[in-house]
Every structure is written in structure tokens, then in C-alpha cells.
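J.: Sharing a structure with you now.
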Amino acid sequence: MTHWFHRNPLKATAPVSFNFYGVAGSPAANKICNDLRTTRARLLEMFTDTTCNPEIMKNATDAYFSLLQGLIASLDGTTQENKLRFIQNFKWTDTLQGNIPSAQQDAIFELISMAFNVAIWHTKFASRLAGKENVTEAEAKEVHRSLKFAAGIFKHLKDDHIPRLITPAEKGRDLEPRVIDTYMIQCQAEAQEVTIARAIELKHNATLIAALAFETANFYQKADHTLNTLEPDCSSKWRKYLQLKQHFYMAYAYCYHGQTLLASDKCGESIRSLQEAEKCYSRAEALCKEYRQTKGPGSTAKPSEQLFFTKLGGLIKNTLQKCERENGFIYFHKVPAEAPQLELKASYGLADPITFEFPALSQQCTPQVYATFDLTKGAKDEKAKPKQEEEIKPVKEPDLKAQKDTGCVIS
């Protein structure tokens, strides 16, 4: 399903030389600096390489992060701050804020920002894989895993690393709670979409599908509400996407709940549930149009053009007509004025973030080598040169080519 998921742009960054101007006082120290530069450049290349897969990405991230830990972890046997943590300035743009970067002279800021981009890459990889013409079961599992893995990265950064920053994130920037929380929740919701598609294809019982759809709609609603105090200029388009997905999955929930009610001979309540499904589906269709017309960061998804979307409209219509026929011939139940209150809990299929940890410190970063870095040798203090931040060119991302839509059928 090409263009099913909304994706904000990757973060862009300024080049970093790791030239410590005499501070690195040994061949081993110089090698660490050179390797930091080359592994960082390699990792940045992977973000836009369409042949990159999670295994290649893991190798690239481990190579860089294990070395970067040498600027963060305590290496002198004490609990004091690593003397190299604040030696290098790093600049990163934010996914919602255009090309003006945030800058911090802090290796933890670099660790968080790069890992944030790794998480975004995993969501884009999942989107690209889901857009293939015939998605195999193994590929569907990879989509599911990539989304849960991205959620795990966002959670780990928020819980364990962002609190360590000396300079807190500015409002509307990627590292502030509202934004990172929304990314995490969206990843979980999208992972559950894969589960729902699988459950529908395998014809699992309607009660399970209704409960999963209801939980997924609630995730999207929670994500939307998390963004409601953010500046509309940068969040409106993203929020429209979250809202249309919320209404779409509420339509699914009411539709399958209606089937459950009919199977329990509650035909009047079933009709009312399906009428509510129609309302939610119509609202989702309207939000699709509003979403396309709203300006803002990110690639524009086209959910209303997908078979998975249009099939639901037909399913609601046909099921409602069946219920009305049955009610006219057999049940003669009164249709309630109020829609049924959905109090559905899914026992299976909920997507929890996959636990993420940074790799261990590189073996190159020993206390002996660390001792040869001498800050008295005059590394340039980039903080001493305040100036207006210049724009950083956005990352040139590969285009998603539309594939034949098979309606989210898993081969």
C-alpha cells in the first residue's frame, strides 16, 4: 500500500570533522577521531540508500555509536563527566521546523539526534516495504517489527537520554515531549494496523478485530491530542493524518462490533453500530481531503485511494443492508437512538515498543587512549563564536514509486 503512511522528513545535519586540533595526543586517539568522522558519514549515507535494510543499518549504527560513547561514558574510573563530552559542536534540523538547525556542543545531543533519525529511518523502511505490490508474510512481520523497533528507540531516548541534556529542547523541536511522544504512539498504532490487516485476511473473529481497531483508533486519538498545543503551522498536516486514521479505525471497530451484535441476535443494536460506522467512515473520507489540502512538513499519504480504505466502505454498506433486511424479516427490533458505547479490550495483537539499547563502548576507547586526549592543547571553542545559525540543506530522500495496490493482502 504505497502512500498509506504519513512520513515527516528526516533530520538534516551539518558535517562534523572531529578534528580536535592537537588535543588527540596519540596515534590511537587520532584513529578514534578519524573513525568517528568516517562512521558518521557512512551512517548518514545509509539514511537515503534504498538498498539499506535493518541489518545494514544496525551495523552502521553500532559502528558509530560505539565510538561516540567514548565521548560520553566515564573512562577514567571516576563518576565525573567525560572530559570530551563538550568538545565538539553538533547541528541538527528538526522534522517539523524547516532548515534552521538547533546546535549544541554536547555529544549526548549528537547521540540522541542521530538515534532519532535511525528511528525515523525504520518508519520509512516499514512504509516502503508495505508499499510493495505483493507483501509476503515475512515482509509483513518486518514492517511490524520495524515500527515497534522505532517506537522502542523513541521511548529509550525520552526516558534515558533526553533528561541528561544540559540545554533542554525548545518548544516544537523533535526532542521535546509532545513531539517524541507522538512519534512513539504513531509507531505503535501503525504496527497494530499490520496486525488488523492480518486478522482480517485470516478471518479472525469479529470481536477480536473490533477490539484491535478500537485500541488502534484510541492510539491515534492520543497522538493527535498530544500535538494539540503545538504551533498549527508545523503540526496541522500531521494532526489531520492522525485524525483521519482515528476515524477510519473507529469505523472498523463499529463495523465489526455490529457483526458481533448480529451474531448475538441483537439486530437493532447491530444496525445502530453500523450506522455509526458509516458516520465515522464519511468523516475519515472528509479528513482525507482536508489532509491533502493542508500545507505542512512531510510526504502526503493517499489513504483514500487504497483498496484497504475503499473496501471498508463497501463492507459497512453491505453489512448494514444485510442487518436491515434481517430486521425486517426476522427480528423487528427497535434501533436505539444512541450508538453503542465501545468498551472493547484487545487480549492479543497489541504492539509494545521493542526494547532498545545503545551498543557497548568500542574496544578502541580504552582508559589509556582516553588519557592521551589533552584539553589544554587548545581545541577550538566553537561556543566562543556566536553567530546566526545558517540553514542546512534538507536530506534528499528517494521517491516512493507507486505499486499496484493489492488491498493489503499478505501473500
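The values are calculated or read from the model by the stated rules, or taken from the named source; none is laboratory data. Keep in mind it's a predicted model, so treat the numbers as computed, not measured. Methodologically, a virtual Cβ is constructed for each residue, glycine included, from the backbone with ideal geometry; neighbour enumeration extends over all protein chains shown. The area values use the complete protein model at the heavy-atom level, side chains included, leaving out ligands, DNA and RNA. Shrake-Rupley method; radii C 1.70, N 1.55, O 1.52, S 1.80 Å.
J.: With N set to the residue count of region 37-174, report its C-alpha Rg divided by 2.2 N^0.38 Å to two decimal places.
T.: 1.15
J.: Which of the three applies to region 115-196, rounded, prolate or oblate, going by the alpha-carbon gyration tensor with a ≥ b ≥ c and a/c under 1.5 meaning rounded?
T.: Prolate shape, in that a/c is at least 1.5 and a/b is the bigger ratio.
J.: Using a Debye calculation, one point per C-alpha and no hydration shell, please list log10 I(q)/I(0) for the chain at q = 0.14 Å⁻¹ in order.
T.: The Cα Debye sum returns log10 ratios of -1.19.
J.: Test of understanding: what is the full-extension gain from Asn34 to Asp352, defined as 0.36 nm times their sequence separation minus their Cα-Cα distance?
T.: 110.7 nm
J.: So, one more: Just the accessible area per residue of the chain, please: how many Å² with a 1.4 Å probe?
T.: The answer is 47 Å² per residue.
J.: Quick one: work out Rg over Rh on the C-alpha atoms of region 45-122, Rh as Kirkwood radius.
T.: 1.03
J.: Any idea what Rg and Dmax come out to for region 1-47 if you just take the C-alpha atoms, in Å?
T.: Just the Cα atoms of region 1-47 yield Rg and Dmax of 16.7, 54 Å.
J.: What whole-number volume per residue, in cubic angstrom, does the convex hull of the C-alpha atoms of region 10-73 give?
T.: With only Cα atoms used, region 10-73 gives 96 Å³ per residue.
J.: Name the most mobile residue of Ile120, Ile153, Ile330, meaning the one with the largest mean-square fluctuation, in a Gaussian network model of the chain with Cα contacts below 10 Å.
T.: Sorting by GNM fluctuation, first place goes to Ile330.
J.: Report the label-to-label distance for Glu133 and Glu201 in nanometres (one decimal), using points 7 Å from each Cα along the Cα→Cβ vector.
T.: Here the modelled spin labels are 1.7 nm apart.
J.: Kindly state, as a whole number, the per residue volume in cubic angstrom of the convex hull around the alpha carbon atoms of region 244-358.
T.: About 142 Å³ per residue, rounded to a whole number.
J.: For the cross-link pairs Lys132/Lys245; Lys158/Lys222; Lys279/Lys322; Lys58/Lys393; Lys11/Lys148; Lys91/Lys141, which exceed 24 Å when the distance is taken from alpha carbon to alpha carbon?
T.: Violating the 24 Å Cα-Cα cut-off are Lys58/Lys393; Lys91/Lys141.
J.: Just by accessible area at a 1.4 angstrom probe, what is the order of Asp352, Asp233, Asp76, Asp181 from largest to smallest?
T.: Accessible-area ranking of Asp352, Asp233, Asp76, Asp181, largest first: Asp233, Asp352, Asp76, Asp181.
J.: Further question on the same structure: Of the heavy-atom accessible surface of the chain (probe 1.4 angstrom), what whole percent is carbon and sulfur? Let's see the in-between values first.
T.: Details: 9790 of 19140 Å².
Roughly 51 percent of what the probe reaches on the chain is carbon or sulfur.
J.: Could I ask something else about it? Using only the alpha carbons of region 112-271, what is the convex hull's orientation-averaged projected area in square nanometres?
T.: 10.9 nm²
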